[in-house]
Protein chains: 2
Amino acid sequence: MISLRRSPEKVRLPKGFSFSAVAAGIKVSGRPDLALAEAVHGASAAALFTQNRVVAAPIVIGRQALVSTGGLVRAVIVNSGNANCATGHRGIQACEQVCREAGNLLGVPAAEIFPSSTGIIGVQLPTEKIRAALPELIAARSADERAALAFADAIMTTDTRRKIASARLRIGSKEVTLLGVAKGAGMIHPQLATMLVYLFTDLKASARELQPLLRAACDGSLNCTSIDGDTSTNDTVLLLASGASGVGLKDAGARKKFSSALTAVCQSLAEQIVSDGEGVQHVIRLFVEQARSRKEALLVARTIAHSMLVKTAWAGADPNWGRILAAVGRCGAAIDPSGVQIFIGSQKVCRNGMGCAFDERQAHRTLAQPVCDVRVLLGRGRVGVRFLTTDLTAEYVRINADYST
Amino acid sequence: MISLRRSPEKVRLPKGFSFSAVAAGIKVSGRPDLALAEAVHGASAAALFTQNRVVAAPIVIGRQALVSTGGLVRAVIVNSGNANCATGHRGIQACEQVCREAGNLLGVPAAEIFPSSTGIIGVQLPTEKIRAALPELIAARSADERAALAFADAIMTTDTRRKIASARLRIGSKEVTLLGVAKGAGMIHPQLATMLVYLFTDLKASARELQPLLRAACDGSLNCTSIDGDTSTNDTVLLLASGASGVGLKDAGARKKFSSALTAVCQSLAEQIVSDGEGVQHVIRLFVEQARSRKEALLVARTIAHSMLVKTAWAGADPNWGRILAAVGRCGAAIDPSGVQIFIGSQKVCRNGMGCAFDERQAHRTLAQPVCDVRVLLGRGRVGVRFLTTDLTAEYVRINADYST
């Protein structure tokens, strides 16, 4: 298992990709807000998108583009500072214009440019600023670590630190590298897709081969994550495979190896996103076990993870298990409280739905750590999920109550 | 429509009831924490209880008692400071003991004593303290306003003010009086029943006649209310009719008159509970309209009302309608965003799922009021709900993050 790391180790770069970022003036702060990732000879792509019915223009365009090209991507253009969501037909046109312009400059069809946006909802995209900055963005691209870090920095909004994870694996006599880059940090409750996450690999695989691997990797990692229960309108996970390693997925061993590296990188990004959630002081690794089904386990995990009373108790490192039990009781599943056990760290605090003697100071100390495990056993079956979530602090309120529009 | 009132007008007392309260030492603060309401000659009772699967001992006992007596109640005993929830068999026995003791002192069977508890979950009820205080509690009972106010004060936990509403109506040549008393102020998201609410009337009606009236009154008032989305384990609404007015419900006109007074009193209590919610700065009257069904309208209202991002924007009086639209998008109903209109006060801020020109300062000023209307039109049908909710402030976090167990 990958532990929660605040500063990831060395960044490993897959072959076949270059990166760049510039400040186009979309963010008021003047910080970098336009980023490029180019697959120099093109890449096969798999993607997952938000399940929110309100979807941003780049989700519409990006999804269409992947269908029309059969999963071929030459470059990803991401802007931060504006979500291009709830912007109607004009927002769609703005997104198309950016893709067309970038395609022209790179000499490829617009459909091979995959667009992403993140930031405020309901404000028209400042297309002129983006178009003006594109030549500089494209000229600056480079296949080194500094450029990859610049890409990771430019896609941030309220994130306080960049989110990167990478893996290198040996398959036969060759090496395959996988690099993941993500952003958080609010409106985080991915449902089947998530946030902005870009995964780059030099594996040689078709879009059709990549899609199920991406789905499986996300289900166990990014989809078991919530900061505030709000599913974003712009969530996107994109996996690009350049093929430059020459390594394919023909044999089962290679597929298994790559799949587990992909899951580990997604899990690391999920942990980085959650630990950098808005105002987060404590990350809770919530284990819901002995459920009848994965759906039931997730329902319980999400109800606990979204309870304001539970999250504020965690903010105070308060081992108030009664609030957790009350959340289980209202989740909608037919759970008998007398079968429920709750642990904080290694201590049992609730036995058969009732309080039991435990060292409260020890439980308080456990919850006061930056990362704490909470386990809820339902006594109904054999299915479990591991769900990453956070406390709810006054700082989260401060960040999100600022009069911004 | 009853407006949001912080200090209700004159309290009207129904005939046939007396009240009292004492400090039994359950609350650490030493404030009154044990309350009695007695129907001097007994009363017909209707009740609604929490839908949480984790239920407190008094819910189990109170429900059984109403069945065994056919809806006859002589007295209500409420303690604050301890919820007697997740306390297992011992908690049930403690509750039974309190009812038996109170029944002995009043000379009625234990089943005619209706018990309620509110406070911390998972701690055994201090039965000895309650039993020791019962004789004084019963001796102190009185049929005047001061005693009714003492009852209302003693059932409070984190409430900052008492919650009372009353109505007097003329039916034929006679008067019927209705008095409602409630407590909040956290773990408020009633589902079919709600919080602790006691309704006293001198109407002459059977338990069977009262139940549908209570259900209807609550559906449109207390059940359209949420502070934090957490449904309590102890929610109870109890309606007692002493019959002392001599007025019955035989004719349809009387039934309609009483029903609308009951709804108005419940609505006033709902508004008082919400405006005194933990840390609440702004009450939002959320109107979700043009839904296909009441279920759909409630789903949308609850998703908006429970979105931490929406609630924190309200705390900052931020007219960030994009977060409201995003909440509509993830609620689970098949809503087409291009049919959605959003109003803040009387201003339209989102037209057909897109931003439209509006006076942002005016919208900010509207949201900065203690009470603000937000309207969301779905463009799908003709059903609407009015849902009362609140902002989410740093003060709410402070109250609930205090290390309390």
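Every number here is computed from the coordinates shown, using simple stated rules; none is lab data. Predicted model, so just to flag it, every value in this text is computed and none were measured. All Cβ positions, even for glycine, are placed from backbone atoms using ideal geometry, and neighbour counts span all protein chains on display.
Over segment B:17-275, the pair-distance histogram of Cα-Cα distances with 5 Å bins from zero comes to 1, 7, 15, 20, 21, 18, 11, 5, 2, 0, 0 percent, rounded to whole numbers.
How big is the antiparallel share of DSSP beta bridges in the protein assembly as shown, given as a percent to the nearest 5? Display every interim value, and only then the final one.
Values: 104 of 146 bridges.
Around 70 percent antiparallel, to the nearest 5.
A viscosity of 0.692 mPa s and a temperature of 37 °C, combined with the Kirkwood radius over C-alpha pairs in the Stokes-Einstein formula, give segment A:1-112 a diffusion coefficient of 208 µm²/s. Binning the C-alpha pair distances of segment B:53-100 at 5 Å intervals from 0 yields a P(r) profile of 4, 20, 32, 26, 14, 4, 0 %, listed from the shortest bin outward.
For chain B, which DSSP H helices look membrane-span-like by this rule: Cα extent along the axis of 30 Å or more and mean Kyte-Doolittle of at least -1.0?
Numbers: long enough: B:252-275 (34 Å, 0.32).
Counting only whole DSSP H runs, the qualifying helices are B:252-275.
For chain A, the residue among A:Ile399, A:Gln362, A:Leu134 whose Cα projects farthest onto the positive side of the dipole built from Cβ charges is A:Gln362. Placing unit charges on the Cβ atoms only, positive for Lys and Arg and negative for Asp and Glu, gives segment A:6-78 a dipole magnitude near 180 debye about its Cα centre. Estimated purely from DSSP H runs of n ≥ 4, each contributing -39500 (n - 2.57), the mean residue ellipticity at 222 nm for chain A is -10500 deg cm²/dmol once divided by its residues.
Quick one: dipole size for segment A:283-401, taken about the Cα centre, charges +1 on Lys/Arg Cβ and -1 on Asp/Glu Cβ, in debye to the nearest 20. Each step should come with its number before you reach the end.
Details: 17 positive and 9 negative charges, 77 e Å.
The dipole of segment A:283-401 has a size of about 360 debye.
May I ask for the Kirkwood hydrodynamic radius of segment A:237-392, worked out over all distinct Cα pairs and given in angstroms to one decimal? That comes to 17.0 Å for segment A:237-392.
Per-residue mean of foreign Cβ neighbours for A:86-92 is 4 (Cβ atoms of other chains, 10 Å radius).
Using only atoms on other chains, find how many Cβ atoms lie within 10 Å of each Cβ of peptide A:316-322 and report the average. Don't skip to the end; give the middle numbers.
On the way: counts 9, 2, 6, 3, 9, 4, 11.
The mean count of partner-chain Cβ atoms within 10 Å per residue comes to 6.
Counting only DSSP beta bridges with both residues in segment A:283-401, the antiparallel share comes to about 70 percent. Based on every Cα atom in the protein assembly as shown, Rg and the maximum pairwise Cα distance Dmax equal 29.2, 99 Å.
Scaling the Cα radius of gyration of segment A:61-191 by the globular reference 2.2 N^0.38 Å produces a ratio of 1.14.
Between their Cα atoms, which of A:Lys204/A:Lys250; B:Lys163/B:Lys257; B:Lys183/B:Lys204 are more than 19 Å away from each other? Correct reply: B:Lys163/B:Lys257; B:Lys183/B:Lys204. Here is how far apart the B:Ser29 label points are across copies: 4.2 nm, shortest first, using a point 7 Å from Cα toward Cβ.
Residue and whole-Å distance for the chain A Cβ lying nearest the axis of the A-onto-B rotation are A:Ala394, 2. In nanometers and ordered shortest first, the copy-to-copy spacing of the B:Arg215 label point, defined 7 Å from Cα toward Cβ, is 4.3.
How big is the antiparallel share of DSSP beta bridges in chain A, given as a percent to the nearest 5? The partial results should precede the final answer.
Working: 52 of 72 bridges.
About 70 percent, rounded to the nearest 5.
Across the identical copies, the label point of B:Val40 (7 Å from Cα in the Cβ direction) is separated from its matches by 9.5 nm, in order from shortest. Note on B:225-234: average number of Cβ atoms from other chains within 10 Å of each residue's Cβ is 4. Across q = 0.13 Å⁻¹, segment A:202-316 modelled as identical point scatterers on its alpha-carbon atoms has Debye log10 I(q)/I(0) values of -0.63, in the order of the q list. If you take the Cα centroid of segment B:100-166 and the Cα centroid of segment A:292-316, the two points sit 33 Å apart.
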